[in-house]
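Notes follow the structure.
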Amino acid sequence: MNKSIAVVDDRPFFEKAVRFGLEHGILTRENMARIEADAPKGIVQIADHFGTAYLRTDLESAVTRMANLISLYLEDFSNGDLRAAAMSLRDNTLLSHSRGGSEMLKRLHAMPGETSLHARKVDAQGQKIFVNERSFAFPLSVASYRAQVAQCQANQMRIDFARWLARQLNTRPEECEDYSAEEVIRSAMLLLYVGAKTLEMPSKREFVNLIEALRKKTFKHKPAIVDAFLREAPTAFQEMTRQAMQGFIDDALPRLKSPEKSPDEILHAEAQGAFFVRDLPEEDVVAYDRLVAKEWVRITKGNADDPAVLATIFLSVATGHPPKAAALLKDAKSIIAAFRTQGFDSKAVLAFIEEHAPFEQREDLKLMWTQDLQPDAEIHLADNDPQMPDSHMDRALQYFRQNCVANWKGSR
């Protein structure tokens, strides 16, 4: 049987280049003397940068850092060619190679590791931490370095593409800062696929209209709209738009067409596959709620931002009464009496919120009920203190009037 043993040379590339240079006469004694004279200077500089040259441990780690930085730069520069690497060591100072590796890591740190659209600034402390880790504890191989650079370049291309789409669709850069490139691209593809009359990024209300148009049986996609949009686009962005549109059709479109989730839930419930929408101050919140939660607007009479209205509705539901935005005296007494007999049905309130409230508001409304209104009302509507009886509901009605919408005259 033919057996062979694979030999793996895991020495730093710097060491390999030096050995190759000596064996092939590229590096002379004079070259090595210069390298040996340069090394202590670089080690002290590196130790001082990441710690102190007065500690042995910092000096020892600086030796490793220097070898890693030189190896990274040399292998990338020479593309793994030991002859070219040895010649570079012959013709240039050791410190220039170490600085070269450090600059490579700094450039990588400055590149986008993800596709969020916020403005990026160089963080000196973050950069130092990154170089610290990648030159010692977690050194990068050239292959890994190049893979990360390629991914960062792809991220930058996605960012540039998303910003270009936003500009074409009349959206200012600052409007996109809290979103990712994917979210902006996804909204742009939705807009182009539906073929809105006005090609600009949608507001929340316009997003709902786009989804409703998409779900109509009579809807028909018009590819000519995309063609017209790309007529004067840069070639790279033309290709990226067509790829993004195909991805939208394959991945997002089935989800958007499915009646399983309302447009409101799609807009607010999904961390993955989310969409960019413009925040328009002039857009009426009630108008949006009316679009996505008609019954909620009807019950609250358009006053869902009024805590007294919400308190009246929730106390009604919690005691088995129809939800009302305002209560007559007889309604209030009936609510109080029901509470004193059977307590609150908290599950009914939570189910009511889940069924009727706009998705974006549901969690806050549930917290309002469970952590604020319910415990407070349980204290003030009760009649369980023999020292201060409230059999005529005077205190309870006063609390109701102060916290709910009370449609009756009189002192209580």
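The values are calculated or read from the model by the stated rules, or taken from the named source; none is laboratory data. All values reported here derive from a predicted model rather than from experimental measurement. So basically every Cβ, Gly included, is an ideal-geometry build from the backbone, and we count neighbours across all protein chains shown.
Overview of results
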| read-out | value |
| --- | --- |
| The one condition in (1) under 23 Å from Met104 (Cβ atoms); (2) part of a helix (DSSP H, G or I) that Asn31 fails to fulfil | (1) |
| Members of the range 253-291 that are assigned by TED's automatic domain parsing to the domain that holds Val194 and at pLDDT 90 or above | Leu253, Pro254, Arg255, Leu256, Lys257, Ser258 |
| Flag if Lys106 is closer than 30 Å to Gln153 by Cβ, in contact (Cβ under 8 Å) with a residue 60 or more places away in the chain and of a type in the set (D, E, K, R) | no |
| Exclusive hit being farther than 27 Å from Ala119 by Cα, buried (at least 19 other Cβ atoms within 10 Å of the Cβ) and either among the β-branched types (Val, Ile, Thr) or touching a residue at least 24 places away in the same chain (Cβ under 8 Å) (or both), set Leu267, Leu256, Leu192 | Leu256 |
| Some residue of the range 81-98 being closer than 13 Å to Leu69 by Cα, touching a Leu at 6+ places or on another chain (Cβ under 7 Å) and surrounded by 19 or more Cβ atoms within 10 Å (Cβ to Cβ) | yes |
| Some residue of the range 226-247 being of a type in the set (Phe, Trp, Tyr), crowded, with 20+ Cβ neighbours inside 10 Å and either part of a helix (DSSP H, G or I) or in contact with a Leu (Cβ under 7 Å, 6 or more places away or on another chain) (or both) | no |
| Candidates Ala213, Ala162, Ala244, Ala228, filtered to the one that is among the small types (Gly, Ala, Ser) and closer than 22 Å to Arg120 by Cβ | Ala162 |
| Extreme residue, modelled with the lowest pLDDT, among residues of the range 292-322 that are in a helix (DSSP H, G or I) and in contact with a Pro (Cβ under 7 Å, 6 or more places away or on another chain) | Val292 |
| Selection count where residues are among the charged types (D, E, K, R) and in contact with an Asp or Glu (Cβ under 9 Å, 6 or more places away or on another chain), scope the range 221-256 | 1 |
| Test: residue in the range 271-285 that is assigned to a loop (DSSP other than H, G, I, E, B), buried (at least 18 other Cβ atoms within 10 Å of the Cβ) and of a type in the set (A, V, I, L, M) | yes |
| Any helices (runs of 4 or more DSSP H) falling wholly within the range 338-410 and containing at least 2 residues that are over 43 Å from the mean Cα position of the chain (by Cα) | 394-403 |
| Residue check, Asp372 of a type in the set (Asp, Glu), in contact with a Gly (Cβ under 8 Å, 6 or more places away or on another chain) and within 22 Å of Leu397 (Cβ to Cβ) | no |
| From the options Arg90, Arg83, residue that is assigned to a helix (DSSP H, G or I) and touching a Gly at 6+ places or on another chain (Cβ under 8 Å) | Arg90 |
| Candidate set from the range 325-343 (those that are in contact with a helix residue (DSSP H, G or I) (Cβ under 7 Å, 6 or more places away or on another chain) and surrounded by 21 or more Cβ atoms within 10 Å (Cβ to Cβ)); member that is farthest from Asp390 (Cα to Cα) | Ala325 |
| So Asp306, is it under 30 Å from Lys204 (Cβ atoms) and loosely packed, with under 14 Cβ neighbours inside 10 Å | no |
| Selection count where residues are loosely packed, with under 12 Cβ neighbours inside 10 Å and assigned to a helix (DSSP H, G or I), scope the range 41-59 | 2 |
| Wholly enclosed helices (runs of 4 or more DSSP H) of the range 119-221 bearing at least 1 residues closer than 20 Å to Gln246 by Cβ, modelled with pLDDT of 90 or more and not aliphatic (A, V, I, L, M) | 142-168, 181-194 |
| Residue pairs meeting the criteria (Cβ under 7 Å; at least 6 apart or on separate chains; first touching a residue at least 12 places away in the same chain (Cβ under 8 Å), in the range 368-383; second among the aromatic types (Phe, Trp, Tyr) and in a helix (DSSP H, G or I)) | Trp369/Phe314; Leu373/Phe314; His380/Tyr399; Leu381/Phe339; Leu381/Tyr399 |
